[in-house]
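The values are calculated or read from the model by the stated rules, or taken from the named source; none is laboratory data. Remember, predicted model here, so these are calculated numbers, not experimental data. Cβ sites come from the backbone with ideal geometry, for glycine too, and all protein chains shown count toward neighbours.
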Amino acid sequence: MSTFTVAGLAAGYQGHPVVDGIDLTVEPGEAVALAGRNGMGKTTTLRAVMGLAEPAVSAGSVRFGDVELHGKAPHHIARAGIGYVPQGRRIFRSLTVAEHLAVVARPARAGYEPWTMDRVNELFPRLAERAGQFAGTLSGGEQQMLAIARALMTNPLLVLLDEPSEGLAPQIVRQVGDIIAALHASGVGVLIAEQDLSMVRRVADRVYFLDRGTVAAQVTAAELDAHADLLERHLGVGAGHA
């Protein structure tokens, strides 16, 4: 498995810079959080990494091991081993749960336990129960689970998750956090953009705090409680809250 490295990333929309000089790494099998309030550049960073049409990337390098991903199309980035769970889920409402998973399935990677339909159903028993149900009829939490399951069926080595707790009730946020933690425990790397402290605590080994498009600070998860100033400034909560 390879180290994922972003160096000097600068990107924006219609000539307006949003992130400037982002540097971060995710080691093999590590879970890293990009934390910060809305509008600080978390989503822009992940979209730029995935090579989506917007934002426009003006500088920087995105490498997965020895492979340079900057400038490559999203499907090439996915083939390199990067899975992506976009903000807002972006599921296809007219496809069934099973169809969602079947259409994106990719071969297993040599040396890694494959993500098959059976294995995904073990991780997401609720989705297994709704295999024949149209995705548009699922609850918000079930749609988020489907978006994660869909990414896993590409057999990624690293999964990017953009605000997976957004719009979900606290109980469902905990369930989604458990799933991401289980994914991390299986050896898949995780890069999660998130402003919910409970989710960050649950899944992250390290945390980068983003502020107005730059990395303002970096701490390990074990150090979070010692940095009440960072939690207040970047997430609006004190260290004792979860």
(request) Please find, among Val120, Val97, Val104, the residue that is modelled with pLDDT of 95 or more and either among the β-branched types (Val, Ile, Thr) or surrounded by 15 or more Cβ atoms within 10 Å (Cβ to Cβ) (or both). (result) Val97
(message) If I ask for residues that are closer than 24 Å to Asp178 by Cα and among the basic types (Lys, Arg), which ones from region 102-139 would you list?
(response) Arg119, Arg126, Arg130
(request) Output the number of the condition that Thr220 fails; it satisfies all remaining conditions of (1) at pLDDT 90 or above; (2) over 18 Å from Gly29 (Cβ atoms); (3) of a type outside the set (A, V, I, L, M). (result) (2)
(message) For the condition crowded, with 23+ Cβ neighbours inside 10 Å, closer than 15 Å to Gly189 by Cβ and in contact (Cβ under 8 Å) with a residue 12 or more places away in the chain, what is the one hit in Val67, Val62?
(response) Val62
(message) Which of the numbered conditions does Ala33 fail, given that it passes all the others? Conditions: (1) at pLDDT 95 or above; (2) closer than 14 Å to Gly213 by Cα.
(response) (2)
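State yes or no: is Phe92 hydrophobic (A, V, I, L, M, F, W, C), under 27 Å from Met199 (Cα atoms) and touching a Leu at 6+ places or on another chain (Cβ under 9 Å)? Give the derivation first.
Details: hydrophobic (A, V, I, L, M, F, W, C): yes; under 27 Å from Met199 (Cα atoms): yes; touching a Leu at 6+ places or on another chain (Cβ under 9 Å): no.
Considered against the rule, which asks whether it is hydrophobic (A, V, I, L, M, F, W, C), under 27 Å from Met199 (Cα atoms) and touching a Leu at 6+ places or on another chain (Cβ under 9 Å), Phe92 comes out as no.
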(request) Scan region 208-236 and report the pairs whose first residue is over 22 Å from Thr5 (Cα atoms) and whose second residue is at pLDDT below 95 and polar (S, T, N, Q), with Cβ atoms within less than 8 Å and a gap of 6+ or a chain change. (result) Leu235/Gln195
(message) Among the residues that make up region 123-136, is at least one of them surrounded by fewer than 15 Cβ atoms within 10 Å (Cβ to Cβ) and either under 19 Å from His184 (Cβ atoms) or free of Cβ contacts under 8 Å to residues at least 12 places away in the same chain (or both)?
(response) yes
(message) Restricting to region 153-183, give me the number of residues that are surrounded by 21 or more Cβ atoms within 10 Å (Cβ to Cβ), under 24 Å from Ala110 (Cα atoms) and of a type in the set (Gly, Ala, Ser).
(response) 0
(message) Cβ-Cβ under 9 Å, sequence separation 6+ or interchain: first residue in region 79-93 and farther than 20 Å from Gly189 by Cα, partner in a loop (DSSP other than H, G, I, E, B) and small (Gly, Ala, Ser). Which pairs?
(response) Gly88/Gly167
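Output the strands (runs of 3 or more DSSP E) that fall wholly within region 1-88 and possess 3 or more residues being more than 14 Å from the chain's Cα centre (by Cα), or say none.
Filter on region 1-88 gives 4-13, 16-26, 56-64.
Considering every residue within region 151-161, establish whether at least one is assigned to a helix (DSSP H, G or I), closer than 15 Å to His100 by Cβ and touching a helix residue (DSSP H, G or I) at 6+ places or on another chain (Cβ under 7 Å). First the steps, then the outcome.
First, the residues of region 151-161 that are assigned to a helix (DSSP H, G or I): 151-152.
With closer than 15 Å to His100 by Cβ added as a condition, the list becomes 151-152.
When the remaining residues are screened for being touching a helix residue (DSSP H, G or I) at 6+ places or on another chain (Cβ under 7 Å), the result is 152.
There is at least one residue in region 151-161 that is assigned to a helix (DSSP H, G or I), closer than 15 Å to His100 by Cβ and touching a helix residue (DSSP H, G or I) at 6+ places or on another chain (Cβ under 7 Å).
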(request) Evaluate region 94-115: report whether one residue or more is in contact with a strand residue (DSSP E or B) (Cβ under 9 Å, 6 or more places away or on another chain), in a loop (DSSP other than H, G, I, E, B) and not aromatic (Phe, Trp, Tyr). (result) yes
(request) Could you list all residues from region 191-211 that are buried (at least 18 other Cβ atoms within 10 Å of the Cβ), more than 19 Å from Gly41 (Cβ to Cβ) and not basic (Lys, Arg)? (result) Val203
